[in-house]
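Worksheet for the structure shown next.
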Amino acid sequence: MTEQKSLKEILEPIQSHLITVEDLVMKNLETDIPLLTEVGQYILKAGGKRVRPALLLFSCGALSEISQDAYLAANIVEYIHTATLLHDDVVDNADLRRSKQSARSIWGNEASVLVGDYLFTVSFKSLATLKKMDLVHALSRCTTMMARGEILQLVRDNEDASEEEYLEIIHHKTASLMGVAMEMGAIIGGGDAAQVKALYEVGHAIGMAFQLVDDALDYQLENAALGKEQGTDLKERKITLPLSHLLQSANEKEKSQILDILDADEITEMDIALVAKMMDEKGSVAYTLSRAQDYIDNAEVALKTLPQNEYSKGIFELANFVISRNR
């Protein structure tokens, strides 16, 4: 069995391109409003792996040379992602982001929302300079889907939460942006309609798997080296797939106990440990990881229809890295 590569090794073929994108990401946030620059750069420097820009660059490289247009598009995708993080933390009342203080806990909700809004608007302003309407259509469709996903999550009922509902939420909230990142890379790379569609599907599948693995990791309490506080989803009362599976698998007494925890004024570490123990007994985390693997298998099938080179190989390796994060 081939040893799993590190993320740094996987990104090696596009490393110089990612450095250029990183420079753009920071440079384009230098404004004459100190608060805007400070908040934006704070969250952008907070340890993100730049997975979405990487997917866009790999997608473009799989079909053509990686161009200046690809750099700007990668910058745009990262701004859109960052804007959603700023807004999510306000909606979730989150005090931490990637094990650091969230922007809202330092500057307040108003600043976080407004900087997020600015990142959205400046993204579309930059996108217009590329003069490709199919890019505008793709990103507009995506941001509409992301907003829809947030609303679907907001109105979701804990008691009747189903797997299908949750998969629809992450299809909108997470997978759509990863899919459109690769779609935009394919458009810039001159791909034909079939290639653009295939690369969107690959990115979307990776996005679904990425979120499902993230959901599973949140309940693997013994793994302290993840750079993520465990039990956050439960504390924020999010019914992710592991918890949805547990609610569907639990008997009436267990389900009532879980719903009481979700309705409590405060969710304690003991509550998190109890729910994690139940999940272990019901196989909820293992089930979630198996669903994530299904999406990666679908991504690999779609990848086989594309040109085979170091960039398409990089996409394949990145897809497998997403799954390997649970090990």
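Tabulated data
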read-out: Residue that is nearest to residue 210 (Cα to Cα) [pool: residues in segment 241-293 that are open to solvent by 30 Å² or more (accessible area, probe 1.4 Å), hydrophobic (A, V, I, L, M, F, W, C) and over 24 Å from the mean Cα position of the chain (by Cα)]; value: 273
read-out: Selection from segment 8-27 of residues that are over 27 Å from residue 309 (Cβ atoms) and under 22 Å from the mean Cα position of the chain (by Cα); value: 26
read-out: Where a residue in segment 25-48 is farther than 18 Å from residue 94 by Cβ and without any contact (Cβ under 8 Å) to a residue 60 or more places away in the chain and its partner, wherever it lies, is assigned to a helix (DSSP H, G or I) and of a type in the set (Gly, Ala, Ser), with Cβ under 8 Å and at least six apart; value: 29/40
read-out: Members of segment 109-120 that are of a type outside the set (D, E, K, R), open to solvent by 20 Å² or more (accessible area, probe 1.4 Å) and within 19 Å of residue 146 (Cα to Cα); value: 113, 114, 118, 120
read-out: Any hit, segment 299-319, residues being among the hydrophobic types (A, V, I, L, M, F, W, C) and open to solvent by 60 Å² or more (accessible area, probe 1.4 Å); value: yes
read-out: Close pairs from segment 112-138: first in contact (Cβ under 8 Å) with a residue 12 or more places away in the chain, partner of a type in the set (Lys, Arg), Cβ under 7 Å, at least 6 apart; value: 112/104
read-out: Residue match in segment 214-237 (condition: open to solvent by 10 Å² or more (accessible area, probe 1.4 Å), closer than 30 Å to residue 132 by Cα and over 19 Å from the mean Cα position of the chain (by Cα)); value: no
read-out: Any helices (runs of 4 or more DSSP H) falling wholly within segment 210-327 and containing at least 1 residues that are touching a residue at least 40 places away in the same chain (Cβ under 8 Å) and over 30 Å from residue 183 (Cα atoms); value: 232-235, 241-249, 252-263, 269-282, 284-303
read-out: Those helices (runs of 4 or more DSSP H) lying entirely in segment 10-108 with at least 1 residues farther than 22 Å from residue 132 by Cα and open to solvent by 40 Å² or more (accessible area, probe 1.4 Å); value: 15-27, 34-44, 68-91, 103-107
read-out: Any hit, segment 182-192, residues being under 23 Å from residue 140 (Cβ atoms), part of a loop (DSSP other than H, G, I, E, B) and acidic (Asp, Glu); value: yes
read-out: Lone unmet requirement of (1) surrounded by 14 or more Cβ atoms within 10 Å (Cβ to Cβ); (2) assigned to a helix (DSSP H, G or I) for residue 130; value: (2)
read-out: Verdict on residue 296 being buried (at least 18 other Cβ atoms within 10 Å of the Cβ), of a type in the set (A, V, I, L, M, F, W, C) and at pLDDT below 95; value: no
read-out: Members of segment 144-175 found to be aliphatic (A, V, I, L, M), touching a helix residue (DSSP H, G or I) at 6+ places or on another chain (Cβ under 6 Å) and either part of a loop (DSSP other than H, G, I, E, B) or surrounded by fewer than 16 Cβ atoms within 10 Å (Cβ to Cβ) (or both), listed by number; value: 161
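The values are calculated or read from the model by the stated rules, or taken from the named source; none is laboratory data. Given the structure is predicted, the values throughout are model-derived calculations rather than measurements. Backbone-built Cβ (ideal geometry, glycine too); neighbour counts: all protein chains shown. Please note that ligands, DNA and RNA were not included when accessible areas were found on the heavy atoms of the full protein model with its side chains. Shrake-Rupley method; radii C 1.70, N 1.55, O 1.52, S 1.80 Å.
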